[in-house]
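Here's the structure we're looking at; comments come further down.
Please treat every number below as a calculation from the coordinates, not as lab data. Note that the structure is predicted; figures quoted are calculated from it, not measured. No Cβ is skipped: glycine too gets one built from the backbone with ideal geometry, and neighbour counts run over all protein chains shown.
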Amino acid sequence: MYAVIDCNNFFVSCERLFRPDLEMKPVAVLSNNDGCIVSRSNEVKALGIPMGGPAFKYADILKEHKVTVFSSNFSLYADISHRVMSVISRYAPEMEMYSIDEAFIQIDNLNDQYLLEYGENIKAVILREVGIPVSIGVSSTKTRAKLANELAKTSDLGVAVIPQNSVITHAEKISVSDVWGIGRALTQILSEHGIVTVNQLIACDEVWVRKNLTLSGLKVVQELKGISCIPFEEFRTAKQSIISSKSFGIPVTTITQIKEAVASYTTRAAEKLRAEHECASHIGVSLTTNIHSKNTRQYYNSSTHRLLEPTNYTPELISEALKIVDKLFRTGYLYKKAVVSLVGLDSEKAVQQGLFRSNGLSRNSSTHTKQRSLMNVIDHVNCEYGSGTVAYLAEGISKQWKGRRERSSPRYTTRWEELAVATASR
DNA sequence: TCTGGGGTCCTAGGACCC
DNA sequence: TCTGGGGTCCTAGGACCC
């Protein structure tokens, strides 16, 4: 059996941890650039504010209902996530951390009654030791467990079990859009064929499903029937790609600013790459205007370059990324966003050296060693004294294109100078 | 003024090989 | 004259997830 443990309104719950005065009060957390609403307390959900809704559109209603709004504070969320995961891992020898706020575990040899108790126990301990409320769903496949989790969210216990080999109760009342793996597009296709509920989906002919919903859709249907198709992945598999992508705080028109931003995103991506001890064989850049803007000319373009040899050396990656910008950039547009992606990742150790460099000289191992030492030192300094302490000039100085982050809470748990302070009240 | 970011997997089509 | 088919690799795009 699988259990999926999912933190409730995770970012909001993290903020409340250090602001107990916000319990039972409406709270929302915004995405990068303070753009979208990405985490909502139950009170905010009740106001009808949707997940991912643009913040400016709901500014009035947020103000009217005195919603406390935070910019996202990922240092804090990552640290709290780590604490939650460490509690969960005590309950199961095998755990798959699926996302920042969610984990699968395998539990076997317990009958249904004990499964429920087991879940309640995990939930209580996480709440007591970390302070984060969770919901737990248990069933025989991951997709069924996720569905049980949906049911758990609205149950009093916060835990739900869909027993093995049993039909899903009330499946005729659950919408296909609540199923893990059925998104907007598939919901639309299904509804065009009169399929709106989970029991209708399960009853579908599998050949039809394969043809109309592709292989992923077929897996979903089989998983709902109790046939496991999505494997349990205890050990995190190596990343396939690393992406750094951000919207600009202001519309950007000049290639100079685009290049600064792209150099900066490349630097972030390369840091992640080295943290994974990997090298990339390709680098891609894309530029786009504001797709939401009605009255301005639109432009989108992207390109991927193969690197001479796989590398994680920032200066080389920046230089290649900037060449791509030269290729993509057109004057006369209001640019909104740039994306840098590193793909074709392989372990540092496995990387084969190219025989020739572009300048015709072979790159000897001492060049490699020097590059690696330099990156090591810079990564260390930036880790110790804060990101950007040592930066590349290509990233620019004033960085006018940077996004907004105006309502961030302190990094309570990861920066000495931002520790929470306890004060005695009279 | 203001509409997220970081991932994965799947499919289709073109180029190329034998 | 007969104008194939299987395979791989690459790229772009779309769908999904949180």
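For this structure, a couple of remarks:
- Principal-axis analysis of the Cα atoms of chain A puts helix A:112-129 at an angle of about 50° to the longest axis.
- In Hz, Karplus ³J(HN,Hα) per residue of the range A:219-225 (6.51, -1.76, 1.60; θ = phi - 60°; x = Gly, Pro): 4, 4, 4, 5, 4, 5, 7
- To the nearest ten degrees, helix A:255-275 and the longest principal axis of the Cα atoms of chain A are 60 degrees apart.
- GluC sites (Glu not before Pro) within the range A:89-145, DSSP loop, no more than 13 other Cβ atoms inside 10 Å: A:Glu94
- Most mobile listed residue (A:Arg83, A:Arg297, A:Arg144) in chain A, GNM with C-alpha springs under 10 Å: A:Arg297
- Enclosing the Cα atoms of the range A:167-237 in their convex hull gives a volume equal to 103 cubic angstrom per residue.
- Between A:Glu234 and A:Leu419, the contour length at 0.36 nm per residue exceeds the alpha carbon distance by 63.2 nm.
- Per-pair calculated FRET efficiency, R0 = 45 Å: A:Asn212 and A:Met24 via Cβ, rounded to 0.05: 0.50
- Estimated FRET transfer efficiency (A:Ser373, A:Asn290; beta-carbon r; R0 45 Å; 0.05): 0.60
- Gaussian network model of chain A, Cα within-10 Å springs - most flexible of A:His282, A:His170, A:His292: A:His292
- Distance from the Cα centroid of the range A:251-278 to that of the range A:36-52 is 31 Å (rounded to whole angstrom).
- Candidate aspartates and glutamates - alpha carbon under 19 Å from A:Lys25, same-chain residues fewer than 8 apart omitted: A:Glu15, A:Glu43, A:Asp60, A:Glu64
- For the residue pairs A:Lys142/A:Lys225; A:Lys146/A:Lys239; A:Lys57/A:Lys259; A:Lys57/A:Lys246; A:Lys246/A:Lys323, alpha carbon separations beyond 22 Å are given by A:Lys146/A:Lys239; A:Lys57/A:Lys259.
- Note on the range A:2-161: Kirkwood radius taken over Cα pairs, Stokes-Einstein applied at 4 °C and 1.567 mPa s, translational D equal to 79 µm² s⁻¹.
- Shape category assigned to the range A:241-395 from the gyration tensor of Cα positions, a/c cut at 1.5: prolate
- Computed from Cα atoms, the angle from the helix A:365-385 axis to the main principal axis of chain A rounds to 60 degrees.
- Charge dipole of the range A:209-325 (Cα centre as origin; +1 on each Lys and Arg Cβ, -1 on each Asp and Glu Cβ, all else neutral): 580 debye, rounded to the nearest 20.
- Placing +1 on the Cβ of every Lys and Arg and -1 on the Cβ of every Asp and Glu, with no other charges, gives chain A a dipole of roughly 1600 debye about its Cα centre.
- Pairwise label distance in nanometres, A:Ser365 with A:Arg405, each label 7 Å out on the Cα-Cβ vector: 4.0 nm
- Under a model in which nothing but the beta-carbon of Lys, Arg (+1) and Asp, Glu (-1) is charged, the range A:136-295 shows a dipole of about 360 debye around its Cα centre.
- Residues in the range A:167-180 carry Karplus couplings, in order, of 6, 7, 5, 6, 4, 6, 9, 9, 6, 4, 5, 7, 7, 4 Hz; the curve used is 6.51 cos²θ - 1.76 cosθ + 1.60 with θ = phi - 60°, and Gly or Pro positions show x.
- As a ratio to 2.2 N^0.38 Å, the alpha-carbon radius of gyration for chain A is 1.11.
- Loop-exposed chymotrypsin sites (Phe, Trp or Tyr not before Pro) per DSSP, neighbour cap 14 Cβ within 10 angstrom, longest uninterrupted part of chain A: A:1-231
- Within the listed set A:Ala261, A:Ala321, A:Ala59, the Gaussian network model of chain A (springs between alpha-carbon atoms below 10 Å) gives the highest mean-square fluctuation for A:Ala59.
- Gain on full stretching of the segment that runs from A:His380 to A:His277 - 0.36 nm per residue minus C-alpha separation: 35.6 nm
- Mean separation of Cα contacts under 8 Å, 6 or more apart, over the residue count of the range A:2-161: relative contact order %: 29 percent
- Percent antiparallel among DSSP beta bridges (both partners in the range A:2-161, rounded to 5): 75 percent
- MRE, 222 nm, helices only [DSSP H, n ≥ 4, -39500 (n - 2.57), over chain A, to nearest 500]: -11500 deg cm²/dmol
- Under 5 Å, built H, 5+ apart or other chain: amide partners of A:Arg404: A:Asn33
- Segment A:Arg128-A:Arg306, length gained on full extension (0.36 nm per residue, minus Cα span): 59.0 nm
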